[in-house]
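K.L.:
Here it is, the structure in full.
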Amino acid sequence: MIRQGDVLFIPTTDAIPEYLTERGKNEKGIVMEGEATGHHHRIANLEAAEVFRSGWAGGESFVRVSDQGVSIVHEEHAPVQLPAGNYRVKIAREYDYLANAARFSRD
Amino acid sequence: MKYDGRNYQELDAKLQGRCRESRKIGNHTYAQRRNRYSKEGVIAILLHNTDILSFYPNGDIKVNTGGWHTVTTRARMNDYLPRPYTVSGYGRGRTMLYNGNGWDNPLSAVDDSVLIKADGSTEGGGNALDVIAEVKREKLEAVRPRNRARYWINKVREGKPSPKLTVATILEEENQTVRLAMMRVFGFERFILDSGAKVIDQKADYELLELPLDRWNVLRALKMKCSTTGAVYINQVPPHCHEVPSALDWMFDTKDYLGQVTQQT
């Protein structure tokens, strides 16, 4: 597993779901958008990897990395290297004591 | 079936003939003679099983709720009390006796019973001013936390900082919801770092912090230090996370985060 800030990349042997490969490709290679700061977690080389995201918060996200590998970059964190393979992306969640409920972290 | 007697003589005049001892004057309400064989000769207004009013031959009137501070009790009392006397509810479960000097100036509190003497003085009731102050205090106590919560939750929604807010002010706040809203306005990360939260577990670059919310509840947060930039991040975790590994597993919904992670920044 590889973590960059609030984003965790978990290697997986599962195939990426069809509904994501057909309609969920993120053309800009953004893995997670920074809603508050505008700083995104994104792939450095668009030719080396593909990002597939469902359009809703908490939905599934995957990264498919080609043989050459790719680095993920972010303004506040050092880059991390993803070797070739498929990765399931998980966003950290936090507990909101005021609302008494869990929610996904926001950058 | 309204009975128009408002003093002893009028009631005595109505209790004659076959209705000499008792006369129905309303739903579950009777005018009855008491102490038939004594000289006292009291006439009572009986509602169910309570003598709510007792008229004495000397002009005294005993007002008695019997603990039943209900609308019906007060309505019956007002029907048969001579003017200017009236009763009215005050706050929850309290009845006040007035003598026509305005609603702000009650004569006495009717705790259970109060005796109105013929000369207009009262005996046995509670202090009206104490009751007014108590009710006012109760109302304020009920309203204040709600107003404070509304104010600070609106601040959270607006997302504007409040320069006057300090860690000490937040810690002094007794209401948990208000305190949590104040923390959000102040900045949760800043508050956790400035308030001296207790470290309950530590592993690698992670610290699990705990802050008591009240006598029973605690707030827990994971403090993470970025290995490359040195920046500190605070992430709130639920109170059932007692150690760093369980907090990390909850955060990322994993089974063994620390054992499986190979690279982190």
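The values are calculated or read from the model by the stated rules, or taken from the named source; none is laboratory data. Fair warning: this is a prediction, and the values are worked out from it, not measured in the lab. When we count neighbours, we look across all protein chains shown, and the Cβ atoms used for this are built from the backbone with ideal geometry, even at glycine.
K.L.:
Could you tell me which residue of region B:238-254 is surrounded by the most Cβ atoms within 10 Å (Cβ to Cβ), considering only residues that are more than 13 Å from chain A (Cβ to nearest Cβ) and not in a loop (DSSP other than H, G, I, E, B)?
P.N.:
Residue satisfying both the conditions and the ranking: B:244.
K.L.:
Quick check, is residue B:122 of a type in the set (S, T, N, Q), within 22 Å of the chain's Cα centre (by Cα) and closer than 24 Å to residue B:60 by Cα?
P.N.:
No: the conditions fail for residue B:122.
K.L.:
Which is more than 9 Å from every other protein chain (Cβ to nearest Cβ), in contact with a strand residue (DSSP E or B) (Cβ under 9 Å, 6 or more places away or on another chain), in a helix (DSSP H, G or I) and surrounded by fewer than 16 Cβ atoms within 10 Å (Cβ to Cβ), of B:193, B:258?
P.N.:
So the residue among B:193, B:258 that is more than 9 Å from every other protein chain (Cβ to nearest Cβ), in contact with a strand residue (DSSP E or B) (Cβ under 9 Å, 6 or more places away or on another chain), in a helix (DSSP H, G or I) and surrounded by fewer than 16 Cβ atoms within 10 Å (Cβ to Cβ) is B:258.
K.L.:
Where residues in region B:14-54 are among the aliphatic types (A, V, I, L, M) and part of a loop (DSSP other than H, G, I, E, B), which of them is surrounded by the fewest Cβ atoms within 10 Å (Cβ to Cβ)?
P.N.:
Restricting to residues being among the aliphatic types (A, V, I, L, M) and part of a loop (DSSP other than H, G, I, E, B), the top hit is B:15.
K.L.:
Taking the residues in region A:78-107 that are in contact with a strand residue (DSSP E or B) (Cβ under 7 Å, 6 or more places away or on another chain) and small (Gly, Ala, Ser) as candidates, determine which candidate is farthest from residue A:44 (Cα to Cα).
P.N.:
A:102
K.L.:
Would you point out the residue of region B:201-213, among those that are in contact with a strand residue (DSSP E or B) (Cβ under 7 Å, 6 or more places away or on another chain) and closer than 27 Å to residue B:262 by Cβ, that is surrounded by the fewest Cβ atoms within 10 Å (Cβ to Cβ)?
P.N.:
If we take residues in region B:201-213 being in contact with a strand residue (DSSP E or B) (Cβ under 7 Å, 6 or more places away or on another chain) and closer than 27 Å to residue B:262 by Cβ, then B:205 is surrounded by the fewest Cβ atoms within 10 Å (Cβ to Cβ).
K.L.:
Take residues that are under 13 Å from residue A:11 (Cβ atoms) and more than 10 Å from chain B (Cβ to nearest Cβ) and tell me which of the strands (runs of 3 or more DSSP E) falling wholly in region A:48-106 contain 3 or more.
P.N.:
Once the strands (runs of 3 or more DSSP E) in region A:48-106 are filtered for at least 3 residues that are under 13 Å from residue A:11 (Cβ atoms) and more than 10 Å from chain B (Cβ to nearest Cβ), what remains is A:61-65, A:85-91.
K.L.:
Within region B:179-198, is there a residue that is of a type in the set (Asp, Glu) and modelled with pLDDT of 90 or more?
P.N.:
No, that holds for no residue.
K.L.:
Here are some residues: B:138, B:173, B:134. Which one is more than 30 Å from residue B:109 (Cβ to Cβ) and not basic (Lys, Arg)?
P.N.:
Within the list B:138, B:173, B:134, the selection yields B:173.
K.L.:
Here is a further query. Consider residue B:93 against the criteria (1) at pLDDT 85 or above; (2) under 30 Å from residue B:138 (Cα atoms): it satisfies all of them except one. Which criterion is unmet?
P.N.:
Failing condition for residue B:93: (1).
K.L.:
I would also like to ask the following. With respect to the numbered conditions (1) closer than 24 Å to residue A:75 by Cβ; (2) away from every other protein chain (no Cβ under 11 Å); (3) free of Cβ contacts under 8 Å to residues at least 40 places away in the same chain, which one is the sole condition not fulfilled by residue B:206?
P.N.:
(3)
K.L.:
Assuming residue B:217 fulfils every condition listed in (1) within 14 Å of chain A (Cβ to nearest Cβ); (2) touching a strand residue (DSSP E or B) at 6+ places or on another chain (Cβ under 9 Å) apart from one, which condition is it?
P.N.:
Of the numbered conditions (1) within 14 Å of chain A (Cβ to nearest Cβ); (2) touching a strand residue (DSSP E or B) at 6+ places or on another chain (Cβ under 9 Å), the odd one out for residue B:217 is (2).
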